[in-house]
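The values are calculated or read from the model by the stated rules, or taken from the named source; none is laboratory data. Small disclaimer: the values here were computed from a predicted structure and weren't measured. So basically every Cβ, Gly included, is an ideal-geometry build from the backbone, and we count neighbours across all protein chains shown. Accessible surface areas use protein heavy atoms only, side chains included; no ligands, DNA or RNA. Shrake-Rupley method; radii C 1.70, N 1.55, O 1.52, S 1.80 Å.
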Amino acid sequence: MSEVKISAETRTEFGKGAARRIRRDSKVPGVLYGHGGETVHLTLPGHELLLALRTSNVLISLDIDGKTNELAIPKSVQRDPIKGFLEHVDLLLVKRGEKVNVEVYVQTEGELAPGAFLLEHVLNALPVVAEATHIPESVTVSIAGLAAGDSILAKDITLPKGTTLDVDGETVVLQVLAAQAEESEGEEAEGEEAAEA
């Protein structure tokens, strides 16, 4: 798990106008909360934050006003729906050794059995409980040789040491479906044309 250091400043101006001014300076407004403490309103450097958020469940070491150092993970990220730039970020305060509830992406490796099969990701991300400083970026599942009707349940996925499921083990994560036969539709159309002739 990667840890990224970012310098942040506390902010005292709120509202849409203040948020626009912050974004105009290539910065992002955000909040830091957790552990029953008061919510801290922050201004974060836009480019550095954008790079950090490319890693899922990134651990951010925040240097706030050069005075305090806090660890946080992103909980909610708002982006502009058209341009994609960061509009706001919610950060959850964490401590080393603390367990947190997060979702990790499910990646697949291998090839399905020969034939017309489709792999459906019922869950793109798996809910887990992991230590805040050891959150896995993803879990990898082998789909080698799977055919229609096969599925992979949450309990079938090997998790890194110290990580546990935060979902029922019987939950379907991946399933293999038989592809709809397009050829049969084409044959029907050809049959209709032959009948019309």
Per residue, accessible area of the chain with a 1.4 Å probe, heavy atoms of protein chains only, in Å², comes to 60 Å²
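Within 12 Å, Cβ to Cβ, of Glu170, how many net charges do the neighbouring residues add up to if Lys/Arg are +1 and Asp/Glu are -1?
Numbers: positive: Lys155; negative: Asp156, Asp168.
Taking every Cβ under 12 Å from that of Glu170, the sum is -1.
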Measure off 7 Å from each Cα along the Cα-to-Cβ vector at Thr164 and Asn69, then give the distance between these two points in nanometres to one decimal. 3.1 nm
Determine, at each q value in 0.10 (inverse angstroms), the log₁₀ of I(q)/I(0) that the Debye formula gives when each Cα of segment 1-148 is one equal point scatterer. -0.44
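Taking the Cβ of Asn57 as the center, what net charge do the other residues with Cβ under 10 Å away carry, scoring Lys and Arg +1 and Asp and Glu -1? List each step's numbers first, then the result.
On the way: positive: none; negative: Glu103, Glu137.
Here the charged neighbours net out to -2.
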Once the piece of chain linking His134 and Thr12 is laid out straight, how much longer is it, given 0.36 nm per residue of separation minus the C-alpha distance between them? 40.6 nm
Within the chain, which is the longest segment that contains none of the GluC sites (Glu not before Pro) sitting in a DSSP loop with at most 15 other Cβ atoms within 10 Å? 39-97
Top of Pro81, Pro29, Pro45 by mean-square fluctuation, Gaussian network on the chain, Cα under 10 Å: Pro81
Carbon and sulfur atoms: what percent of the 1.4 Å accessible area of segment 79-127 do they account for? 52 percent
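Let me have the relative contact order for the chain, percent, based on Cα pairs under 8 Å that are six or more residues apart. Intermediate values should be presented prior to the final figure.
Numbers: 395 pairs, mean separation 33.9, N = 197.
Averaging sequence separation for qualifying contacts and normalising by length gives 17 percent for the chain.
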The extension gain from Ala113 to Ser76, computed as 0.36 nm times the residue separation minus the Cα-Cα distance, is 9.5 nm
Give me the percent of DSSP beta bridges within the chain that run antiparallel, rounded to the nearest 5. 70 percent
Modelled label reach - Ala125, point 7 Å along Cα→Cβ, segment 65-80 residues with backbone N closer than 12 Å: 74-78
Measure nothing but the geometry: give the 0 to 90° angle between the long axis through the Cα atoms of 182-196 and the longest principal axis through the Cα atoms of the chain, rounded to 10°. 40 degrees
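Could you calculate the FRET efficiency of Ala179 with Lys155 from 1/(1 + (r/R0)^6), where r is the beta carbon distance between them and R0 is 30 Å, rounded to 0.05? Walk me through the numbers on the way to the answer.
Values: r = 27 Å, r/R0 = 0.92.
Once rounded, the FRET efficiency stands at 0.65.
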Roughly how many Å² of Val58 are accessible to a 1.4 Å probe, to the nearest 10? 0 Å²
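Quick one: ranking Phe117, Phe14, Phe85 by accessible area, 1.4 Å probe, largest first, what do you get? Let's see the in-between values first.
Working: Phe117 55, Phe14 115, Phe85 85 Å².
Most to least solvent-accessible, the answer reads Phe14, Phe85, Phe117.
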What ranking of Arg21, Arg11, Arg96, Arg54 comes out by heavy-atom accessible area, probe 1.4 Å, highest first? Arg54, Arg96, Arg21, Arg11
